[in-house]
Number of protein chains: 2
Amino acid sequence: MWRLHQYPLCPFSRKVRFACAVKGVEVELVREYPWERRDAFAALNPAGQTPVIQNGTVTLVDSAAICDYFEETVARTPLLGAGPEERAEARRLIAWFDQKFYGEVTSLLLTERMYKRIVLRQPPDAATVRGAARNAEAHLDYLDFLLDRRRWVAGPAFGLADIAAAAQISVADYLGGIEWDGHEPARIWYSALKSRPAFRPMLGERMEGLPPPAHYDKLDF
Amino acid sequence: MWRLHQYPLCPFSRKVRFACAVKGVEVELVREYPWERRDAFAALNPAGQTPVIQNGTVTLVDSAAICDYFEETVARTPLLGAGPEERAEARRLIAWFDQKFYGEVTSLLLTERMYKRIVLRQPPDAATVRGAARNAEAHLDYLDFLLDRRRWVAGPAFGLADIAAAAQISVADYLGGIEWDGHEPARIWYSALKSRPAFRPMLGERMEGLPPPAHYDKLDF
């Protein structure tokens, strides 16, 4: 059994959990708050970040490395497209959500609305939160643009780009950073993901002392 | 012939150039300064970042997606290790240099010493530059640690992790952010890379109005 070191609002852990569930890889969850900088965790991952996944002597670090590992070792449900160009398009969009959406939206909300509240006991900076919401709006516009032209984020098939996008968006949504009005293509896509048995468990999880908005885990939102 | 949209100090373009040269993929360079936000470039890559590589109707975006594409389509010189665990270790370290080193060192130096000078006509912020230099020192310590235990960054064979590391370090070195004293394992490794025909052309390239330190392109440094 694989053991995944994660915490409820880590978007990269959500990406790994979602991918593992789709692939049928059973995962036991181990709670780890990276900001506590535990020595035992730093020994597993010198970068000090979740997710880390372990099985016996195998320790895998970094969500992209972990997802590629399971894509290579588990034949069930290929998640990266049929040919090299389809895979490059999927990887472009995985990088888009892992890096651009994370940097412009999720990481700002995690700092302002989770880390400051739970760890620093400080109020969020309103201007930063507003900036993150504006950035989220632009990202949802781009998602609408993609989904007007294709069935899923990277092409005709569901895959890792959808998983990467849903991981970031679900954390931003939990933290009140997503305004769904006016984004029908993105809303329909996200509604389909919310109803997937592989994704639902994450929507039921809560970060202590930090409740999500009422619409967060509803299929009709 | 592939056309690579890049500029001399883009670390992710250096990664693609180095990988292509090792793979024997011929590349024509097209100068692109992403901060000019040209519409024609935004149409190629809505993220607005270099590198972008094109060949006929195929357009590839994001250095990881581009390197994976050539790894999949060009059999010569495999760059990602023999088995899934070796590949996961390579990908962990590629992510380390692409994201952690870039965020903590290269991006700070590019902003302070290149963008402010060339675009904003402002002096660099000394505290930020000192912080980047301290971070670089910690990263070189980690590189020494790895190279004390293995021949190359990710294991016994040269590969994409070495290329990703050299791409970031060479840009930081150009911008005066690397102090080599006291880092013999890293220096020996970098010296071996500097003498490779696939890497040398980048060391001869200059950003206009921004000369590198005297040691930058010397094999003996």
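Within the range A:42-59, if we keep just the residues that are surrounded by fewer than 17 Cβ atoms within 10 Å (Cβ to Cβ) and β-branched (Val, Ile, Thr), the residue that is farthest from the other protein chains (Cβ to nearest Cβ) turns out to be A:Thr57. Within this structure, B:Gly182 passes the test of being in contact with a Leu (Cβ under 9 Å, 6 or more places away or on another chain) and more than 21 Å from B:Val27 (Cβ to Cβ).
If you go through the range A:75-85 and keep only what is surrounded by fewer than 20 Cβ atoms within 10 Å (Cβ to Cβ) and at the interface with chain B (Cβ under 10 Å from one of its Cβ atoms), you end up with A:Gly83, A:Pro84, A:Glu85.
Of all the criteria given as (1) closer than 27 Å to A:Gln49 by Cα; (2) in contact (Cβ under 8 Å) with a residue 24 or more places away in the chain, the one not satisfied by A:Thr111 is (2). Comparison of B:Asp181, B:Asp162 shows that the only residue that is assigned to a loop (DSSP other than H, G, I, E, B) and either assigned by TED's automatic domain parsing to the domain that holds B:Ala88 or at positive phi (or both) is B:Asp181.
Here A:Arg14 fits the description: part of a helix (DSSP H, G or I), more than 14 Å from chain B (Cβ to nearest Cβ) and modelled with pLDDT of 95 or more.
Residue-level check: of (1) away from chain B (no Cβ under 13 Å); (2) within 17 Å of the chain's Cα centre (by Cα); (3) crowded, with 16+ Cβ neighbours inside 10 Å, A:Ala64 misses just (1). Return the total of residues in the range B:24-34 being closer than 17 Å to B:Leu79 by Cα and either buried (at least 19 other Cβ atoms within 10 Å of the Cβ) or modelled with pLDDT under 95 (or both). Looking only at that region, the number is 1. Can you find a residue in the range B:27-40 that is touching a residue at least 60 places away in the same chain (Cβ under 8 Å) and either away from chain A (no Cβ under 14 Å) or touching a helix residue (DSSP H, G or I) at 6+ places or on another chain (Cβ under 7 Å) (or both)? Looking through the range B:27-40, at least one residue is touching a residue at least 60 places away in the same chain (Cβ under 8 Å) and either away from chain A (no Cβ under 14 Å) or touching a helix residue (DSSP H, G or I) at 6+ places or on another chain (Cβ under 7 Å) (or both).
Among the residues that make up the range A:53-60, is at least one of them assigned by TED's automatic domain parsing to the domain that holds A:Ala43 and on the phi > 0 side of the Ramachandran plot? Yes: the range A:53-60 contains one or more residues that are assigned by TED's automatic domain parsing to the domain that holds A:Ala43 and on the phi > 0 side of the Ramachandran plot.
Among the residues making up the range A:188-221, those that are surrounded by fewer than 17 Cβ atoms within 10 Å (Cβ to Cβ), hydrophobic (A, V, I, L, M, F, W, C) and assigned to a loop (DSSP other than H, G, I, E, B) are A:Ala214, A:Leu219, A:Phe221. Here A:Phe101 fits the description: within 13 Å of another protein chain (Cβ to nearest Cβ), of a type in the set (Phe, Trp, Tyr) and either touching a His at 6+ places or on another chain (Cβ under 7 Å) or farther than 24 Å from B:Asp68 by Cβ (or both).
The values are calculated or read from the model by the stated rules, or taken from the named source; none is laboratory data. On a predicted model such as this, the values are computed, not experimentally measured, just so you know. Neighbour counts are summed over all protein chains in view; Cβ atoms, including those assigned to glycine, are modelled from backbone coordinates with ideal geometry.
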